[in-house]
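The structure appears below as structure tokens.
All of the numbers you see were taken from the coordinates with simple rules; none came from a lab. Small disclaimer: the values here were computed from a predicted structure and weren't measured. No Cβ is skipped: glycine too gets one built from the backbone with ideal geometry, and neighbour counts run over all protein chains shown.
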Amino acid sequence: MANIIEDTSTPAPSQVTASAGVAYSATFTPPANSLVVVLISWQQFTNSTGQFLVVADTAGTPNSYSVKASLQDSDGSTINAIAEFYYSTAPGTIQIKVTNSNTGSSNALIAPRVINNANSVQTSAATASASANATTNFTGSITTTQSGSWVYTVAGCGLPATLTPTNTGTTAISSWNNSQSNDSSAVGRMTYQTGSPAATTLGWTSSVNRDFGWVAVEVLAATASTSSANLTGGMTVPVLTTMNAGQIVTANDFNNIGNACTFLMNKPIARVHDTAGTLAIGTSLTDIIYGAADFDTDNMWNSSFNTRLTVQTPGFYKVFYMIDAGVVSGNTLAISSQAFITTGPNNPSGPGVTNVCWPGYGAPGSPTGRVCPHSSGVIPWYMYAGDYVKVQALSSTTGLTTNITGFAASYLALEFVSV
Amino acid sequence: MQIPSVPVFVANEVNVNHLQQLSNVVSFLTVANNIPMWRSYKTASASIPAATWTTVTFGTNAAVDTDSVFLANTQGVTINTQGYYEMEVCLPFTEEATGANTIQIGFLLTVGNNNPHYAANTTFRFGGKADLMVAGTGTDYTFCMADICPIVLFPGDYIVVQVWATVAVSTSTLTNNSATAGWFVPTFSGRWIRTGS
């Protein structure tokens with residue numbers, strides 16, 4: 001089973017004012033094969049029960065999200081919901097559009113979460129909801145169904161309040177003590193992946209007594225067949241034994257040395273490059289997308305994970321990358337870049353631990369010039385099978401895209417250098 | 001250079017040639033002079049005209065050349081041993097008088113007669129770095145980049161370093177006080193990293 005992690009494309013939660021019953025999240029660019037879970041707490045200025053939310057993205061052809069759980073608090077102040085959609089292909093830059101059946105004045109807390117290694121089918125995942133009157137204990141119970149799943153949760157109430165996670169089992173992603181709507185909301189998830197399937201209580205403690213609404217949704221991890229897409233099992237790293245005085249040397253002893261030589265002469269290398277040249281590089285870090293492999297001797301590249309090379313054979317690796325942002329005008333902009341490392345399930349640090357190395361920088365001359373940040377070097381951490389490398393870039397201004405004409409296209413390469 | 005093959009030993013092995021073959025493989029992988037590798041540098045300035053991809057000649061000062069890659073041509077390297085290669089280049093440029101110049105550097109591969117995958121004289125540009133160089137800062141600029149050649153190289157394949165600049169520039173050699181004299185010269189190096197077919 002793959003380990004669930006949140007992708008770096010996850011945007012910051014938004015506290016927004018709805019217009020005629022419609023509110024939008026921040027923009028974000030989820031990668032292919034990611035599950036987007038949207039945590040929503042809608043705050044109505046005038047209480048109204050019997051309301052429901054419709055959730056979709058803003059792609060050219062909008063994708064309708066499945067509302068997995070939804071519950072109003074009993075006095076109709078807040079609508080608390082969790083919706084999700086699985087992207088088999090990257091949709092580009094999108095927002096989440098939330099529409100309330102009540103078009104009255106409202107605020108909304110909207111928190112999309114982009115999740116890697118989630119199962120593309122979530123129909124068997126657990127959902128739960130709870131509400132109570134005049135209490136400070138905004139919690140509920142959800143019975144998970146899979147070891148390794150995650151649980152997201154949302155709560156809201158009809159008074160300004162400070163909401164504090166009730167225990168270490170809940171991580172607060174965002175909360176809003178909102179005097180304008182006279183409501184409060186909080187969204188979060190369980191701190192750790194769930195253990196064996198079991199009933200789990202989670203939620204918030206409120207600073208005021210009030211009616212509340214609470215929902216929770218389990219997110220299932222990908223099964224082995226899906227996770228094998230980017231962790232296929234690499235080469236066998238040879239082990240050389242020590243030979244002692246008086247030992248009868250066998251053919252195996254010599255063949256072990258020969259195997260080590262064969263390994264070194266056929267060590268893992270991979271190089272991928274951009275084939276589209278249309279990726280927008282904005283003012284927040286963007287994962288560079290690659291469309292094809294020039295060579296890949298150890299299955300590090302998989303087009304379903306098109307922003308990364310995944311180490312299959314553990315060892316130390318050297319990274320090479322360049323980002324071609326084309327010819328642009330003006331000499332006031334600049335692009336910064338970095339190699340972005342994420343640990344996988346075999347790393348002793350646990351999956352999802354991130355780090356950066358080998359920065360790059362580029363800027364155009366005046367009045368126009370090409371911008372191509374580059375960097376290379378040995379990654380300063382031992383890489384375990386499943387750890388992966390991406391390249392990220394950000395620009396000082398918007399409007400830049402990657403380029404594949406007139407120069408060498410953006411590339412990312414890895415070379416095994418040592419066991 | 002001959003890439004040695006790894007022998008297979010059998011029970012009650014009596015063939016000393018197999019042991020010698022194994023020794024040859026270990027020697028190929030561990031002894032610097034036995035693996036294809038090069039490093040060349042420039043001691044003379046090179047002029048880069050405006051808006052023209054220009055080859056920088058490197059072959060006249062080969063500090064390391066274990067596979068005679070510079071013998072066939074003084075501008076770049078001519079591969080003699082089949083395989084994958086990694087290479088890097090560093091080019092310091094003399095500060096220009098005015099303006100904000102854009103400089104691009106890259107490798108240019110020209111396929112030779114022995115490559116079975118591409119027609120002779122097919123070209124590939126790989127590697128790459130582009131940035132600006134601002135006049136009046138009192139310092140020279142150095143552009144460095146590295147890459148693994150995206151195709152398997154065969155004997156006769158030919159690689160050069162090229163530069164393109166908006167405004168004419170010159171590579172710098174030992175003339176700048178911002179770096180230790182003798183180190184601050186254009187450098188082109190590379191090495192065989194793996195078998196390939």
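Numbers below:
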item	result
Per-residue average of Cβ from other chains inside 10 Å of B:75-88	1
Calculated FRET efficiency for the pair A:GLN247/B:GLN20, C-beta based, R₀ 22 Å, to 0.05	0.55
Listed residue (A:THR250, B:GLY156, A:THR313) projecting farthest to the positive dipole end of the protein assembly as shown, Cβ model	A:THR313
Whole-Å semi-axes of the ellipsoid equivalent to the range A:131-177 (Cα gyration tensor, √5λ, descending)	23, 13, 9
Distance from the range A:405-419 to the range A:281-312 (C-alpha centre basis), Å	10 Å
Among A:MET265, A:MET243, A:MET235, residue whose mean-square fluctuation peaks in a GNM of chain A (springs only between Cα atoms under 10 Å)	A:MET243
Cα pair count fraction exceeding 47 Å, expressed as % - the protein assembly as shown	30 percent
Rg(Cα) / (2.2 N^0.38 Å) computed for the range A:7-136, rounded to two decimals	1.05
Total formal charge among the other residues, if their Cβ is under 10 angstrom from that of B:CYS149, Lys/Arg +1 and Asp/Glu -1	-3
Highest average packing first - A:354-367, B:16-29, Cβ atoms within 10 Å	A:354-367, B:16-29
Residue with peak Gaussian network fluctuation, chain B [Cα springs, cutoff 10 Å], from B:VAL152, B:VAL163, B:VAL89	B:VAL152
Helix-derived mean residue ellipticity, 222 nm - over chain A, DSSP H n ≥ 4, -39500 (n - 2.57), to 500	-1500 deg cm²/dmol
Orphan Cys of chain B, criterion: no other Cys C-beta under 4.7 Å	B:CYS149
Reach of A:LYS97 by Cα under 18 Å, taken over lysines that are not fewer than 8 positions away in the same chain	A:LYS68
Extension gain (nm, one decimal) between A:LEU240 and A:SER141, 0.36 nm per residue minus Cα-Cα	30.3 nm
Peptide B:100-108, shielding by other chains (average Cβ, 10 Å cutoff)	5
Diffusion constant of the range A:288-345 at 20 °C, which comes from Stokes-Einstein with the Kirkwood Cα-pair radius and 1.002 mPa s, µm²/s	152 µm²/s
Positive dipole terminus of the protein assembly as shown, leading residue within B:ILE35, B:SER170, A:GLN72 (C-beta point charges)	A:GLN72
Low-density loop positions, chymotrypsin sites (Phe, Trp or Tyr not before Pro), the range A:148-208 - DSSP coil, at most 14 other Cβ in 10 Å	A:TYR192
Helix B:16-30 axis, angle to chain B major axis (alpha carbon atoms, nearest 10°)	10 degrees
Formal net charge of residues neighbouring B:ALA72 (Cβ-Cβ distance under 13 Å; K, R +1; D, E -1)	-3
Amide H partners (placed H, <5 Å) of A:ASP73, local residues excluded	A:THR78, A:ASN80, A:GLY213
Amide H contacts under 5 Å for A:GLY365, placed H, 5+ residues apart	A:ARG370, B:THR102
Cβ neighbours within 10 Å from other chains - mean over A:289-298	2
Cut-off under 5 Å, modelled amide H: who pairs with B:SER172 long-range	B:PHE93, B:THR94
Listed residues A:VAL272, A:VAL215, A:VAL353, most fluctuating in chain A (Gaussian network, C-alpha, under 10 Å)	A:VAL353
Potential extension, A:THR164-A:SER88 segment - 0.36 nm per residue separation minus Cα distance	23.8 nm
Between the range A:19-50 and the range A:140-178, the alpha-carbon center distance in angstrom	16 Å
Nearest 10 degrees, 0 to 90: helix A:251-265 Cα axis against chain A principal axis	70 degrees
More than 19 Å apart - percent of Cα-Cα pairs taken over the range B:28-164	53 percent
Span from the the range B:1-37 Cα centroid across to the the range A:66-127 one, whole angstrom	62 Å
Pairs beyond 24 Å (Cα-Cα), from A:LYS267/A:LYS390; A:LYS318/B:LYS42; A:LYS318/B:LYS129	A:LYS318/B:LYS42
